[in-house]
Amino acid sequence: MSQNPPSLRPDLAPRARIDEPARKGQPRIGMVSLGCPKALVDSERILTRLRAEGYAISPDYTGAEAVIVNTCGFLDSAKAESLDAIGEALRENGRVIVTGCLGAEPDYIREHHPQILAVTGPHQYEQVLDAVHVAVPPSPDPYIDLLPASGVTLTPRHYSYLKISEGCNHACKFCIIPDMRGRLASRPAHAVMREAEKLVEAGVKELLVISQDTSAYGLDLKYATEKGHRAHITDLARDLGSLGAWVRLHYVYPYPHVRELIPLMADGLILPYLDIPFQHAHPDTLKRMARPAAGAKTLDEIKAWRDICPDITLRSTFIVGYPGETEAEFQTLLDWLDEAQLDRIGCFQYENVEGARSNALPDHVPDDVKQDRWDRFMAKAQSISEAKLAAKVGKVMQVIVDEVDADAATCRTMADAPEIDGNLFIDDGFAGLKAGDIVTVEVDEAGEYDLWGKRLKHP
């Protein structure tokens with residue numbers, strides 16, 4: 001049983017879980033998946049293709065004939081982490097294929113690790129497969145190596161990420177994602193629905209909808225209708241909500257049409273949860289970021305959402321110490337948080353990223369000032385979270401069970417996404433519960449980020 005402290009990297013995916021046994025003589029490939037949930041989905045797709053070709057997935061270095069490292073390039077610290085992971089894989093295994101966002105910079109990787117077998121960029125599945133074929137030729141057994149209908153998943157069986165698009169059309173100065181992953185490329189709605197239906201049929205109880213810009217979904221397709229499904233986020237959310245699973249929306253930019261999603265939450269069709277990257281609240285800071293938004297306008301939107309769905313949970317991430325951020329601008333952000341009263345808040349200290357336009361901005365903030373502002377920001381976020389959770393004591397709610405050990409059942413409420421938000425613990429009367437169960441509890445204790453509750457047999 002572990003409680004959730006604030007994460008220094010609030011964008012990280014859950015730890016990949018691999019527990020599939022291999023038959024005798026089956027070629028084995030290891031996978032290290034770093035970065036965000038979108039990268040985790042890429043890892044799942046690569047492994048699904050490999051599994052279909054007869055490869056087994058090794059949970060450790062020593063059992064693998066080669067290792068794929070799916071890297072992150074979001075921040076310079078993430079790049080360093082990726083380089084460290086490549087180095088570890090080389091030491092422990094020796095045969096390493098690199099892919100993912102940092103793979104868009106092959107010269108940079110080879111400068112540090114020239115002995116790697118191959119480098120491919122983000123979502124270049126065919127090139128990854130080609131590299132694996134060269135390193136470890138496939139040896140499929142058509143009578144044994146039958147691909148499960150739901151593919152290979154790296155998350156617990158009861159929830160799954162559902163990626164609806166790639167790329168992004170924004171040009172935020174601190175971000176190089178469009179350079180690495182390209183412009184918005186939405187999947188047809190019928191293809192998303194087919195995948196979602198298969199996941200639910202396989203036992204998935206929660207679908208976590210992800211992309212670079214979820215609310216822009218379908219814009220590049222001109223919101224086309226194909227095979228009975230329209231490529232628009234409101235229509236897609238409604239269609240997904242008809243499948244009977246929890247549907248949670250991540251990375252939703254606050255366009256005006258997002259307000260159309262809120263009635264679906266009020267009606268219980270999708271979870272009353274929005275993950276929105278506000279980034280900052282001061283208009284001058286947002287302008288330097290090239291973010292077309294304003295703090296006052298977003299406060300009006302938040303009020304409108306809460307008027308429609310009072311139980312809505314709002315999560316966001318912010319950047320402190322952005323170039324040119326003054327103490328007055330930072331104080332505006334703290335004051336905005338007091339007004340917005342967001343439920344879940346994550347924060348990054350600004351870092352230069354090679355290729356980002358923000359690197360060239362004047363008046364970079366000293367590291368000690370960034371750290372001080374991060375500390376003050378997180379203290380404010382913690383106090384808001386503590387008060388929000390204290391108000392839930394005595395309430396009855398549904399929770400989904402993630403894990404059961406000797407001490408407790410670790411669960412999440414509708415207000416909690418895996419890994420990045422809090423937990424609810426049932427530490428008495430949890431015998432017989434298993435991962436994926438959805439049960440009713442009464443909250444009887446609250447902490448800074450987590451809740452405790454007792455299970456109600458007859459809600």
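The values are calculated or read from the model by the stated rules, or taken from the named source; none is laboratory data. Predicted model only: the values in this text are computed from it and were never measured. With ideal geometry, Cβ positions are generated from the backbone for all residues, glycine too; neighbour counts draw on all protein chains shown. Just the protein is used for accessible areas: all its heavy atoms, side chains included, with ligands, DNA and RNA removed. Shrake-Rupley method; radii C 1.70, N 1.55, O 1.52, S 1.80 Å.
At a 1.4 Å probe, what is the % contribution of carbon and sulfur to the accessible area of the stretch 373-457? Carbon and sulfur together cover 47 percent of it. Pairs of C-alpha atoms in the chain farther apart than 39 Å represent 22 percent of all such pairs. Pair-distance distribution P(r) for the stretch 336-401, from all Cα-Cα distances in 10 Å bins starting at 0: 16, 33, 27, 14, 9, 0 percent. Per residue, the solvent-accessible area of the stretch 34-161 (1.4 Å probe, heavy atoms of protein chains only, all protein chains present) comes to 40 Å².
Distance distribution P(r), the stretch 280-373, all Cα-Cα pairs, bin width 10 angstrom from 0: 15, 46, 28, 10, 1 percent.
Across q = 0.24 Å⁻¹, the stretch 349-459 modelled as identical point scatterers on its alpha-carbon atoms has Debye log10 I(q)/I(0) values of -1.28, in the order of the q list.
Note that the stretch 133-271 shows a convex hull volume over its alpha carbon atoms of 159 Å³ per residue. For the stretch 364-459, the solvent-accessible area with a 1.4 angstrom probe is 46 square angstrom per residue.
Within the straight-line cut-off of under 13 Å between alpha carbons, the aspartates and glutamates reachable from Lys163 are Asp42, Glu44, Glu195, Asp213, sequence neighbours fewer than 8 places apart in one chain being disregarded. The stretch between Glu111 and Ser383, if pulled fully straight at 0.36 nm per residue, gains 93.4 nm over its current Cα-Cα span. For the listed residue pairs Lys38/Lys395; Lys38/Lys205; Lys297/Lys380; Lys434/Lys454, the alpha carbons are over 24 angstrom apart in Lys38/Lys395.
Once the Cα-Cα distance is subtracted from the 0.36 nm per residue extended length, the Glu339 to Ala390 segment shows a gain of 16.5 nm.
Around the amide H of Lys163, modelled in the peptide plane, lie the amide H atoms of Ile210, all under 5 Å away and 5 or more residues distant in sequence or on another chain. Highest mean packing first, where packing is the average number of other Cβ atoms within 10 Å per residue, the peptides 398-407, 67-76 line up as 67-76, 398-407. Computing Rg and the Kirkwood Rh from the Cα coordinates of the stretch 72-123 gives a ratio, Rg/Rh, of 0.92. Residue-wise HN-Hα couplings along the stretch 222-238, as the Karplus relation 6.51 cos²θ - 1.76 cosθ + 1.60 with θ = phi - 60° gives them from phi, are 6, 6, 5, 9, 9, 6, x, 10, 8, 7, 9, 4, 5, 5, 5, 4, 5 Hz; Gly and Pro carry x. Which of rounded, prolate, oblate describes the stretch 35-172, given a ≥ b ≥ c as roots of the alpha-carbon gyration tensor eigenvalues and a/c under 1.5 marking rounded, otherwise prolate only if a/b is larger than b/c? The shape class here is oblate. Determine the shape class of the stretch 167-209: with a ≥ b ≥ c the square roots of the Cα gyration tensor eigenvalues, call it rounded for a/c under 1.5, and otherwise prolate if a/b is greater than b/c, oblate otherwise. Verdict is prolate for the stretch 167-209.
When the alpha carbon gyration tensor of the stretch 207-259 is reduced to an equivalent ellipsoid, its three semi-axes come out at 16, 16, 9 angstrom, largest first. Every helix of 4 or more DSSP H residues in the chain counts as -39500 (n - 2.57), and over all residues that averages to -9500 deg cm²/dmol at 222 nm.
Amide H to amide H distances under 5 Å link Tyr322 with Tyr350, where only residues 5 or more positions off or on other chains count and H is placed in the peptide plane.
How would you classify the stretch 255-331 from its alpha-carbon gyration tensor, with a ≥ b ≥ c the square roots of the eigenvalues: rounded for a/c under 1.5, else prolate if a/b is greater than b/c, otherwise oblate? The shape class here is prolate. Any chance you could check the Cα centroid distance between the stretch 74-137 and the stretch 393-447 for me, in angstrom? Measuring centre to centre over Cα atoms gives 38 Å.
Using a cut-off of 12 Å between beta-carbons, work out the net charge of the residues near Gly394 (Lys and Arg +1, Asp and Glu -1, Gly394 not included). After counting each charged neighbour, the total is 0.
Judged by the mean number of other Cβ atoms found within 10 Å, the most tightly packed of the peptides 168-177, 358-367 leads the ranking 168-177, 358-367.
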